[in-house]
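The values are calculated or read from the model by the stated rules, or taken from the named source; none is laboratory data. Here the structure is a predicted model, which means the values were calculated and not measured. Glycine gets a Cβ as well: all are built from the backbone with ideal geometry, and neighbour counts include every protein chain shown.
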């Protein structure tokens with residue numbers, strides 16, 4: 001299928017205007033979130049994927065999901081060419097495979113695996129978690145236990161640039177609150193939020209570990225000591 | 001690099017490194033710890049590389065990237081050896097001058113030196129008051145090594161303690177030496193390290209494990225980070241020696257994922273140690289084999305607790321368990337496991353090399369050796385300081401830290417992170433060691449030392465810690481989970497002016513129950529910040545509750561900003577800084593704050609020139625009615 005000019009990107013797929021509209025209609029009908037619609041469709045597709053692989057086939061039970069997923073997958077047809085979606089997902093899960101292989105499929109590496117997936121995608125997509133559960137033999141519920149317990153993980157897509165504002169004690173006594181207010185003002189999102197274009201995510205952290213320079217902010221691995229409102233604007237503007 | 005197969009080969013390797021080095025050759029060391037990196041240290045380093053090349057000095061001058069020197073407040077730091085001239089706040093623009101003057105002409109550039117209280121310039125690093133009063137057993141080597149070059153560490157005598165342990169001492173002798181040294185855990189609780197090692201060594205069950213706890217989660221503390229980033233081999237050497245004494249063949253280093261540079265430097269360190277045969281099978285040709293794996297934490301404060309950390313390494317959710325049986329006996333995969341803090345491990349090589357008696361000679365009766373503190377908050381010289389146990393708070397804060405920023409009044413120092421407490425001015429002469437801090441209602445903790453001045457509200461501080469802990473509580477046991485929640489509710493009410501009589505007593509009661517009944521150390525110590533502030537600053541709580549007044553002017557719901565009409569000089573500064581446009585006024589006209597629009601951000605208060613002092617903070621009494629619009633300024637100053 002000739003690739004149309006993409007309008008937005010969602011759970012790893014580029015959607016055209018038509019596809020987006022179809023998705024919106026479907027979302028309205030089924031009263032579920034956009035991501036659920038796509039994820040359930042992807043889950044169904046993961047069965048196709050499993051057939052074409054030399055890795056142990058997926059034995060988890062998708063039947064329960066199937067009746068729901070079938071009509072969602074029908075919708076997915078309108079959303080995106082199935083083959084392409086499968087190919088995309090194969091690629092994504094192959095990445096997950098590479099990560100799993102690095103840890104020789106050891107169960108105790110679960111947190112490390114999730115950290116790597118998080119680093120790669122900026123969030124933990126559900127198909128990836130199902131795949132990890134399958135390959136490591138860890139129940140999905142346990143994976144969700146971990147994914148929701150630790151702060152490093154996100155179950156929703158994060159922005160391309162994450163602003164970490166430190167609210168550690170040392171920064172706190174030196175005016176971290178004001179810094180946070182300023183960042184909120186510049187980015188237009190509250191802590192914990194991601195903007196609609198998935199460009200920025202704003203989070204607060206309890207200590208970035210450079211307390212002598214407080215208040216501190218970290219963006220894309222770069223630390224900023226006592227940034228003023230102008231500097232924050234510059235940083236935000238320099239992000240693509 | 002080829003494997004070293006004996007102590008003699010290690011010695012020769014070291015001699016070869018040393019003979020290739022000229023101690024008088026100038027060496028530029030640029031601090032590239034996280035603090036200095038944040039202030040642009042990397043650019044300074046690159047500028048030195050470029051300038052030295054430009055001047056054709058590559059052969060005559062060495063340049064070294066190092067970890068944290070400690071004086072983070074004045075970064076980026078550059079120290080030029082052999083004279084150890086310390087330049088502060090260096091920018092890339094300064095580099096050509098430093099190269100031309102100091103490296104070529106051997107002269108000092110005054111303007112980048114430390115300026116003392118008396119206005120005198122201090123060139124030699126060790127003479128700067130911040131460093132002069134410290135004893136830097138662990139941190140001192142940071143500036144001498146490039147953390148990614150094992151040769152630098154070996155040149156300083158690195159891994160000689162390991163060789164001594166393996167070939168001169170038996171495991172029991174190593175253990176006894178550590179026991180005799182009186183070293184206590186640097187992670188917070190201060191458990192005697194030797195005793196812990198012995199328990200694991202004697203516990204039934206194989207294999208045994210050793211763990212480095214680098215899940216430094218205390219807000220306000222970052223010494224573990226600096227040690228790991230700046231000198232990872234010192235921790236690794238300590239760990240291998242400990243493993244030898246305990247009889248472990250597998251170790252883990254648990255690092256929080258927020259410290260990517262520490263993970264990177266450790267990974268390099270492990271590889272280099274393996275290449276040289278200092279890690280792996282038959283270390284230095286001996287019978288002893290040992291392997292280490294790095295495990296990244298995923299961001300949970302409670303996972304720094306030993307049993308929780310071990311569950312996390314097992315790949316499960318890092319929640320603590322009841323420790324009827326110590327982790328030293330039944331830890332990782334229910335095997336005997338010895339876990340120590342980064343700083344504890346880093347002390348081991350020095351103890352083995354210099355002997356227990358030497359270490360025992362430093363410190364107080366019950367607490368031996370030095371402790372690294374992160375001296376931060378409202379203090380002039382912030383950074384990492386390493387001092388002998390028993391130094392008083394006053395010496396640390398005023399002699400090393402240089403006193404309070406802006407010469408305000410000292411109010412309290414918070415030690416021990418969220419498990420510690422706030423110590424008021426009356427206790428400034430308190431010697432800092434495990435016992436004395438405990439007695440004062442605080443604790444050593446991992447070594448955070450957050451200085452607070454008169455502008456800090458103690459109720460708000462307690463609220464801050466309780467909020468932090470309630471978010472970090474894993475929720476497994478009721479006293480901690482529910483106790484913190486209720487505590488936070490009460491404190492938020494007090495801060496918002498909704499406090500009631502009896503709240504203080506209720507808070508105290510909650511604190512006592514939590515201390516008695518919680519499952520792990522997070523819960524049993526969670527009430528410390530609250531109880532210590534009630535103990536020492538009860539009047540502040542009472543002011544909040546009875547007079548609805550915040551004495552420090554911090555709690556937003558209890559304060560208003562007001563421009564005194566007789567003092568306003570109509571300079572427009574506050575009006576320009578106001579983010580919500582709540583200040584009206586024009587040239588020559590008194591400025592007025594519209595209380596309905598004011599978000600109490602305090603920007604106007606900060607920009608109002610101190611010689612005017614027109615913007616004031618009002619708490620506990622009604623705001624005077626605003627002057628009529630268009631009122632003229634009374635008499636220019």
Single unsatisfied condition, residue B:43 versus (1) surrounded by 13 or more Cβ atoms within 10 Å (Cβ to Cβ); (2) away from every other protein chain (no Cβ under 14 Å); (3) part of a helix (DSSP H, G or I)
(2)
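Conditions tested, residue by residue: (1) touching a residue at least 60 places away in the same chain (Cβ under 8 Å); (2) assigned by TED's automatic domain parsing to the domain that holds residue B:246; (3) assigned to a loop (DSSP other than H, G, I, E, B); (4) closer than 19 Å to residue B:388 by Cβ.
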site: B:130; (1), (2), (3), (4): yes, no, no, yes
site: B:137; (1), (2), (3), (4): yes, no, yes, yes
site: B:141; (1), (2), (3), (4): yes, no, no, yes
site: B:175; (1), (2), (3), (4): yes, yes, no, no
Answer residue from the stretch A:136-148, given it is more than 10 Å from chain B (Cβ to nearest Cβ) and part of a loop (DSSP other than H, G, I, E, B) and is surrounded by the fewest Cβ atoms within 10 Å (Cβ to Cβ) among those
A:137
Among residues belonging to the stretch A:179-188 that are within 27 Å of residue B:220 (Cβ to Cβ) and more than 9 Å from chain B (Cβ to nearest Cβ), point out the one that is surrounded by the fewest Cβ atoms within 10 Å (Cβ to Cβ).
A:184
Taking residue B:394 and the conditions (1) out of contact with any helix residue (DSSP H, G or I) (no Cβ under 8 Å at 6 or more places or on another chain); (2) within 14 Å of another protein chain (Cβ to nearest Cβ); (3) under 30 Å from residue B:461 (Cβ atoms), which numbered condition does it fall short on, given that it satisfies the others?
(2)
I'm trying to understand the selection: among the residues of the stretch B:210-232, which are outside any helix (DSSP H, G or I), more than 13 Å from residue B:255 (Cβ to Cβ) and away from chain A (no Cβ under 12 Å)?
B:210, B:231
Enumeration of residues in the stretch A:149-178 that are at the interface with chain B (Cβ under 9 Å from one of its Cβ atoms), closer than 17 Å to residue A:192 by Cβ and outside any strand (DSSP E or B):
A:149, A:150, A:151, A:152, A:153, A:167, A:177
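Among the residues in the stretch A:122-135, are any out of contact with any helix residue (DSSP H, G or I) (no Cβ under 8 Å at 6 or more places or on another chain) and within 9 Å of another protein chain (Cβ to nearest Cβ)?
First, the residues of the stretch A:122-135 that are out of contact with any helix residue (DSSP H, G or I) (no Cβ under 8 Å at 6 or more places or on another chain): A:122-123, A:134.
Applying the additional criterion that residues be within 9 Å of another protein chain (Cβ to nearest Cβ) yields none.
For the stretch A:122-135, residues out of contact with any helix residue (DSSP H, G or I) (no Cβ under 8 Å at 6 or more places or on another chain) and within 9 Å of another protein chain (Cβ to nearest Cβ): absent.
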Is there any pair with a first residue in the stretch B:602-613 that is closer than 17 Å to residue A:182 by Cα and a second that is part of a helix (DSSP H, G or I) whose Cβ atoms are under 7 Å apart and which are 6 or more apart or on different chains, and what are they?
B:603/B:577; B:604/B:574; B:604/B:577; B:607/B:573; B:607/B:574; B:607/B:577
Being assigned to a strand (DSSP E or B) and either assigned by TED's automatic domain parsing to the domain that holds residue B:221 or touching a helix residue (DSSP H, G or I) at 6+ places or on another chain (Cβ under 6 Å) (or both) narrows it down to one of B:423, B:450, so name that one.
B:450
With the condition being closer than 29 Å to residue B:628 by Cα and within 14 Å of chain A (Cβ to nearest Cβ), I'd like the helices (runs of 4 or more DSSP H) fully within the stretch B:507-613 carrying at least 3 qualifying residues.
B:603-607
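Quick one: in the stretch B:259-304, of everything that is in a loop (DSSP other than H, G, I, E, B) and within 14 Å of chain A (Cβ to nearest Cβ), which residue is surrounded by the fewest Cβ atoms within 10 Å (Cβ to Cβ)? Let's see the steps before the verdict.
Initially, the stretch B:259-304 is screened for residues in a loop (DSSP other than H, G, I, E, B), giving B:259, B:276-279, B:281-282, B:286-289, B:298-300.
If we keep only those that are within 14 Å of chain A (Cβ to nearest Cβ) too, we end up with B:259, B:298-300.
Values: B:259: 24, B:298: 24, B:299: 19, B:300: 24.
Only one residue fits best here, namely B:299.
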